[in-house]
1. Can you list the HN-Hα couplings for the range 97-111, worked out from phi with the Karplus curve (6.51, -1.76, 1.60; θ = phi - 60°), rounded to whole Hz and with x for Gly and Pro?
2. Quick check on the exposure proxy: order I29, I115, I122 from fewest to most C-beta atoms within 10 angstrom.
3. Going by amide H atoms built from the backbone, whose H comes under 5 Å of the H on I22, apart from near neighbours?
Amino acid sequence: MRGIMRPIVRFMLFFFYNTYYIEGGGGSIHIGSRVGMANTLCNLSSGSIFIGDSCVFGYNVMLLTGRHLFVNGQRPSATASQMDDSSWGGGEEEVPTSGYDIRIGEGSWIASGVIVTGGVQIGRHAIVAANAVVTRDVPDFGIAAGVPASVVGDTRDYVPKKSNLGTP
């Protein structure tokens, strides 16, 4: 029975853990090898997303390059002169199509519920804690947490404790 079930379970895990959604068409997405993107939303309206090899994403992460710019205190598309524009977003003046790329370095772990805004770079082997909102760069090996996220540690500082199970 195990021989039959193992391929089925492996396929289901691959399918459910590697599901991501793409919105917007301003940029492109580049995903490295061995990346798990559990239900990740990728907004490409204002830039591209680059994800390095061996990254792990928790559930419901949002990578948002999209920007809405305000001119004189309001969205340009909200003015009466542009209400008839065919673009609901107000065009390039309101929603730039480039310049807000997101880069995530290899071996990083982005925990569940994280929001990463456009123009941010997360370094190699970094950790972003659950529900953090990343609005600034995170260095290589950095641990970021909070709203807005700030660096609270370094992944190289972790020292595993000795196990009491089976080893003298």
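1. 9, 7, x, 10, 5, 10, 10, 10, x, 4, x, 7, 10, 10, 6
2. Taking fewest neighbouring Cβ atoms as first place, the list is I29, I115, I122.
3. Long-range HN contacts for I22: C42.
Read-outs: derived from the displayed coordinates by stated rules, not from any lab. Note that the coordinates shown come from a computational prediction; the quantities given were computed from them, not determined experimentally. Cβ: placed from backbone, ideal geometry, glycine included. Neighbour counts: every protein chain shown.
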